[in-house]
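**Student:** Structure incoming, see below.
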Amino acid sequence: MDAFLLSRLQFALNISFHILFPTITMAMGWFLFYFKLRSNISGHPVWMRMYRFWVRVFALSFALGVVSGVTMSFQFGTNWPGFMEKVGNVAGPLLGYEVLTAFFLEATFLGIMLFGIRRVPNWLHTASTLIVALGTTTSAFWILALNSWMQTPQGFEVIDGVVYATNWKEIIFNPSFPYRFVHMMLASGLTASFLIAGLSAYRMLKGDDKLAPKLALKTATYTAAVLIPLQIFAGDMHGLNTLEHQPQKVAAMEGLWETTEGAPLLLFAIPDEESKENHFEIPIPYGASLILTHELKGEIKGLNEFEGEHPPVAPVFFGFRVMVGMGMLMLAVSWLGSLYLMSNKDFPIWLKRTFAGMAFSGWIATLAGWYVTEIGRQPYLVSGVLRTADAVTQLPPANIALSFTLYLVIYTVLLIAYMGTLMLMCRRAVEIEEITTEEREVAKAKMQPTAPDPSTV
Amino acid sequence: MFENVSAEMLGNIYVGLLGLSVLLYAILDGYDLGVGVLIPPRTEAFRDDMIASIGPYWDANETWLVLAIGLLLIAFPEAHSEFLQTLYLPATFMLLGLILRGVAFDFRAKVVQVKKRKWDMVFKYGSLLTTLAQGYMLGIYVTGLRTDIWAQGFALLAAFGVTAAYAFIGSCWLILKGEGELQQKAYYWARRGLGILAVGIIAVSIANLTLHDDVRDLWLSAPWGYVLFAKPVACFALLALCGVLLKKLPEAQGKGEWLPFFIALLVFLLCFTAFGISYYPFIIPGQMTVMDALSDASSLRFLLVGVVIVVPIILAYTAMVYKIFSGKSEKLSYY
């Protein structure tokens, strides 16, 4: 294998592994802030118990996100030197702002959030929780600004083959940025919701009949039920935006080879790049045109208009279907769960199992979505400006093969360890006694900022 | 903003910032890597307390590395790609080390007892892999990214030197943060680390003189020569003082426990500035100057706005966190 393919594989591996964890922490930061607020307002210890359990999940996810993120900042230089040489004047400051305004904030205040409750006043602990949530969101803002700029670049000029920034406002608020940012934040909200609901359901299946998992399951199910229609709407808007700026990506998503008026929506097909046609199509007539142009006979450009300039079709086509399919499943499950909750009925065991089984469903949808948008940008690294092949390193392939293998082994082990540890934490939480009413009174009386936390059991 | 800041000045500002980040990284992640390297395989109580002492800090400490490598990438992209492509494998090993130790820290607190020891060992050897790789990279970097056998030898020396320096500052941190038996042990580690570090500084200083003719000329000429020779001398005076302190302090009932760490900090500062003065204006010694590698000035001006506003804030809240968690470390319960 050559340096190009290996570098792409390695980068894909690294970023796929990395994105799993920020996707959780971005929204879980806000969940924690909510738990903390509820605890401050009601004083009921269950909110603090929830905070305590989920802040540990947060910390573990955050650590995995940090360490896998550090490797990303090295890979720009090691494997993709052409990226910084050509577009570094735009990418550099955006990355710089991310480190300065988000990374330090998150990492520093996380310390207070995790270990500081006995050392700082309660308001500062609450504020730290808020700051960490703001930090993760700010981080997403900058990195998605850069990613969106790579998809829909503007606000620059090219002199002697090098990109120079001319308008930072245009660069940051480039056409696809608002859509991508909202789409990603909602994706994070759904991922965290299904993780919280799933692990809480798992605890209940293991015999945990305390209040904390019930309340967490309820909060997360309602959150998911509200977010999923918003996400479907945001995704639709994002799709329209992509149609305007990157029609070749949409053509690949739809598996459409010839420009068509009244293009069908393909529920399934096997795209064949050799013969430029699909096999085993299951079409809904006019569906794609209706969704994308809001007209039955609307025209959609086909892949053949972008000869040599369009992405590989199959991964984009299937990635899109996995993402949408997962979204539909989330819609069904979260609404069904909400129905049970609203009628004050306990979840039947099969529904608990469904939630537990979907604990990591957000990961699948998020990864599939990112594959659509990132592979959909190929063969360009920066649309119309820099081809991926022109940015790659001249390193000996053997070295990249070695590092790729090592990353693959370590990330596999870590992923298994991460999921295993979360399950273990759930099973252990089952054994912890619920706080009784008397204890709660004692707890309240002792609720001085400097005193040891009374809810420690 | 900053329209009147010349490219040359920007180069100096950014190389200064880069230097500050590297120095802060070396000190801050230095002590927590050092604590990791010192983790004793057999005594579990020590391991808990040692890891508790760095609990609230390590995430933020490591962020200085992200800033440093980010600044190199942003302000000096050619140097970044030259540096990291030459040092591809050591950089990979360093990253693997950082990954392993970073996650071990969190995993150990959440798993069953049997597995906890395994994660502790992952933490220890991940830290060791990181410090060795960093020292090796530093060594190769100082030679101007040479890869011949002499440079390799020098880099190996630097790998051990850096590991010793981190272990030393780590043990000084434990003197400051630890109590009882752990603190006694930390005094012992510090005394041993001190000797190794002193030998390391002599060896690196001499090797440094033979590497680049420019550097040797600088060291052997006035006025910088005086400054530069004053540094190793000051280092040794400080280390000697530290040696005396390390013998006396255990009896001083807790007074002056911060002194060894403070001295370690000064030694780091002296060594670092000696390197800085020796190699300026090169960003890669003997190969590429700051101005050769500098990226577009207008982009750097745009980022400078953020730097001027945010860096003081970062320093302020970092100081706040150190104040909040000052004093002896507590058991690391997630409260």
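The values are calculated or read from the model by the stated rules, or taken from the named source; none is laboratory data. Values in this document were obtained by computation on a predicted structure and should not be read as measured data. Every residue, glycine among them, receives a Cβ derived from its backbone with ideal geometry; neighbour counts consider all protein chains shown.
**Student:** Based on this model, can you work out whether B:Ala164 counts as on the phi < 0 side of the Ramachandran plot, of a type in the set (Gly, Ala, Ser) and surrounded by fewer than 22 Cβ atoms within 10 Å (Cβ to Cβ)? Walk me through how you get there before you give the answer.
**Tutor:** Numbers: on the phi < 0 side of the Ramachandran plot: yes; of a type in the set (Gly, Ala, Ser): yes; surrounded by fewer than 22 Cβ atoms within 10 Å (Cβ to Cβ): no.
No: the conditions fail for B:Ala164.
**Student:** Out of all the residues in the stretch B:71-79, is one or more in contact (Cβ under 8 Å) with a residue 12 or more places away in the chain, within 7 Å of another protein chain (Cβ to nearest Cβ) and more than 20 Å from the chain's Cα centre (by Cα)?
**Tutor:** yes
**Student:** Okay, moving on. Hand me the list of helices (runs of 4 or more DSSP H) wholly inside the stretch B:16-119 holding 2 or more residues that are closer than 20 Å to A:Thr78 by Cβ.
**Tutor:** On the way: elements: B:44-54, B:58-75, B:77-86, B:88-108.
Ranges flagged: B:58-75, B:77-86, B:88-108.
**Student:** Taking only the stretch A:186-206 into account, find how many residues are part of a helix (DSSP H, G or I) and surrounded by fewer than 21 Cβ atoms within 10 Å (Cβ to Cβ).
**Tutor:** First pass over the stretch A:186-206, keeping only residues part of a helix (DSSP H, G or I): A:186-205.
Checking the rest, the ones that are also surrounded by fewer than 21 Cβ atoms within 10 Å (Cβ to Cβ) come to A:186, A:205.
Going through the stretch A:186-206 one residue at a time, the tally reaches 2.
**Student:** Just to check your reading of the model, which residue among A:Leu9, A:Leu5, A:Leu37 is away from every other protein chain (no Cβ under 14 Å), under 30 Å from A:Lys218 (Cβ atoms), surrounded by fewer than 22 Cβ atoms within 10 Å (Cβ to Cβ) and over 19 Å from the mean Cα position of the chain (by Cα)? Explain how you work it out, then say what you get.
**Tutor:** On the way: A:Leu9 fails: under 30 Å from A:Lys218 (Cβ atoms); A:Leu5 fails: under 30 Å from A:Lys218 (Cβ atoms).
Every option except A:Leu37 fails the conditions.
**Student:** Restricting to the stretch B:39-81, and then to whatever is touching a helix residue (DSSP H, G or I) at 6+ places or on another chain (Cβ under 8 Å) and of a type in the set (Asp, Glu), can you tell me which residue is surrounded by the fewest Cβ atoms within 10 Å (Cβ to Cβ)?
**Tutor:** B:Glu44
**Student:** Return the only residue of A:Glu170, A:Glu106 being buried (at least 22 other Cβ atoms within 10 Å of the Cβ) and among the acidic types (Asp, Glu). Give the derivation first.
**Tutor:** On the way: A:Glu170 fails: buried (at least 22 other Cβ atoms within 10 Å of the Cβ).
Going through A:Glu170, A:Glu106 in turn, just one is buried (at least 22 other Cβ atoms within 10 Å of the Cβ) and among the acidic types (Asp, Glu): A:Glu106.
**Student:** Let me ask something additional. Select from the stretch A:336-346 the residues that are surrounded by 14 or more Cβ atoms within 10 Å (Cβ to Cβ) and out of contact with any Ser or Thr (no Cβ under 9 Å at 6 or more places or on another chain) and list them in ascending order.
**Tutor:** Passing the criteria: none in range.
**Student:** Does at least one position in the stretch A:320-341 carry a residue that is without any contact (Cβ under 8 Å) to a residue 60 or more places away in the chain and in contact with a Phe, Trp or Tyr (Cβ under 6 Å, 6 or more places away or on another chain)?
**Tutor:** There is at least one residue in the stretch A:320-341 that is without any contact (Cβ under 8 Å) to a residue 60 or more places away in the chain and in contact with a Phe, Trp or Tyr (Cβ under 6 Å, 6 or more places away or on another chain).
**Student:** Under 6 Å between Cβ atoms, at least 6 apart or on separate chains: pull out the pairs that start in the stretch B:307-330 with a residue that is under 13 Å from B:Tyr57 (Cβ atoms) and end on any residue that is of a type in the set (Asp, Glu) and surrounded by 13 or more Cβ atoms within 10 Å (Cβ to Cβ).
**Tutor:** Once the first residue is under 13 Å from B:Tyr57 (Cβ atoms) and sits in the stretch B:307-330, no partner that is of a type in the set (Asp, Glu) and surrounded by 13 or more Cβ atoms within 10 Å (Cβ to Cβ) comes close enough.
**Student:** Picking from B:Leu239, B:Leu176, B:Leu218, B:Leu211, which residue would you name as being within 23 Å of B:Ser53 (Cα to Cα) and either in contact with a helix residue (DSSP H, G or I) (Cβ under 7 Å, 6 or more places away or on another chain) or surrounded by 13 or more Cβ atoms within 10 Å (Cβ to Cβ) (or both)? Walk me through how you get there before you give the answer.
**Tutor:** Values: B:Leu239 fails: within 23 Å of B:Ser53 (Cα to Cα); B:Leu218 fails: within 23 Å of B:Ser53 (Cα to Cα); B:Leu211 fails: within 23 Å of B:Ser53 (Cα to Cα).
Selected residue: B:Leu176, the only one of B:Leu239, B:Leu176, B:Leu218, B:Leu211 that is within 23 Å of B:Ser53 (Cα to Cα) and either in contact with a helix residue (DSSP H, G or I) (Cβ under 7 Å, 6 or more places away or on another chain) or surrounded by 13 or more Cβ atoms within 10 Å (Cβ to Cβ) (or both).
**Student:** Can you name the number of the only condition in (1) within 7 Å of chain A (Cβ to nearest Cβ); (2) within 29 Å of B:Val321 (Cα to Cα); (3) crowded, with 24+ Cβ neighbours inside 10 Å; (4) at pLDDT below 85 that B:Leu95 fails?
**Tutor:** Result: B:Leu95 fails condition (4) only.
**Student:** On to the next question. Since A:Thr78 meets every condition but one in (1) at the interface with another protein chain (Cβ under 9 Å from one of its Cβ atoms); (2) in contact with a Pro (Cβ under 9 Å, 6 or more places away or on another chain), which condition does it not meet?
**Tutor:** With respect to (1) at the interface with another protein chain (Cβ under 9 Å from one of its Cβ atoms); (2) in contact with a Pro (Cβ under 9 Å, 6 or more places away or on another chain), A:Thr78 is out only on (2).
**Student:** Also, quick follow-up: With (1) touching a helix residue (DSSP H, G or I) at 6+ places or on another chain (Cβ under 6 Å); (2) closer than 22 Å to B:Leu38 by Cα as the list, and B:Leu87 as the residue in question, which single condition is left unmet?
**Tutor:** Looking at each condition in turn, B:Leu87 falls short on (2).
**Student:** So, one more: Those residues that are surrounded by 15 or more Cβ atoms within 10 Å (Cβ to Cβ) and of a type in the set (A, V, I, L, M), I need them from the stretch B:242-261; list them, please.
**Tutor:** B:Leu245, B:Leu246, B:Leu249, B:Leu259
**Student:** Next question. Specify the residue that is surrounded by the most Cβ atoms within 10 Å (Cβ to Cβ); the eligible residues are those in the stretch A:268-305 that are within 11 Å of A:Gln248 (Cβ to Cβ) and within 30 Å of the chain's Cα centre (by Cα). Break it down into steps so the answer makes sense when it comes.
**Tutor:** Residues of the stretch A:268-305 that are within 11 Å of A:Gln248 (Cβ to Cβ), as a first pass: A:301-305.
Filter again for within 30 Å of the chain's Cα centre (by Cα), leaving A:301-303.
Details: A:Lys301: 17, A:Gly302: 20, A:Leu303: 24.
This residue is A:Leu303.
**Student:** Among the residues of the stretch A:107-127, which ones are farther than 16 Å from B:Ala68 by Cβ, at the interface with chain B (Cβ under 8 Å from one of its Cβ atoms) and touching a helix residue (DSSP H, G or I) at 6+ places or on another chain (Cβ under 8 Å)? Let's see the steps before the verdict.
**Tutor:** Of the residues in the stretch A:107-127, the ones farther than 16 Å from B:Ala68 by Cβ are A:108-127.
Subset that is at the interface with chain B (Cβ under 8 Å from one of its Cβ atoms): A:108-112, A:114-120.
Of everything in the stretch A:107-127, those that are farther than 16 Å from B:Ala68 by Cβ, at the interface with chain B (Cβ under 8 Å from one of its Cβ atoms) and touching a helix residue (DSSP H, G or I) at 6+ places or on another chain (Cβ under 8 Å) turn out to be A:Thr108, A:Phe109, A:Leu110, A:Gly111, A:Ile112, A:Leu114, A:Gly116, A:Ile117, A:Arg119, A:Val120.
**Student:** Would you please name the residue that is surrounded by the most Cβ atoms within 10 Å (Cβ to Cβ), looking only at residues in the stretch B:101-113 that are of a type outside the set (Phe, Trp, Tyr) and within 7 Å of chain A (Cβ to nearest Cβ)? First the steps, then the outcome.
**Tutor:** Going residue by residue through the stretch B:101-113, those that are of a type outside the set (Phe, Trp, Tyr) are B:101-104, B:106, B:108-113.
Remaining after also requiring within 7 Å of chain A (Cβ to nearest Cβ): B:102-103, B:106, B:110-111.
Numbers: B:Gly102: 23, B:Val103: 26, B:Asp106: 23, B:Lys110: 20, B:Val111: 19.
Here the residue is B:Val103.
**Student:** In this structure, does A:Glu98 turn out to be under 26 Å from A:Phe31 (Cβ atoms), crowded, with 24+ Cβ neighbours inside 10 Å and not hydroxyl-bearing (Ser, Thr, Tyr)? I'd like the intermediate steps shown before the answer.
**Tutor:** Working: under 26 Å from A:Phe31 (Cβ atoms): yes; crowded, with 24+ Cβ neighbours inside 10 Å: no; not hydroxyl-bearing (Ser, Thr, Tyr): yes.
No: the conditions fail for A:Glu98.
**Student:** Oh, and also: Would you say A:Ala224 is closer than 30 Å to A:Val46 by Cα, crowded, with 18+ Cβ neighbours inside 10 Å and out of contact with any His (no Cβ under 7 Å at 6 or more places or on another chain)? Walk me through how you get there before you give the answer.
**Tutor:** Numbers: closer than 30 Å to A:Val46 by Cα: yes; crowded, with 18+ Cβ neighbours inside 10 Å: yes; out of contact with any His (no Cβ under 7 Å at 6 or more places or on another chain): yes.
Yes: the conditions hold for A:Ala224.
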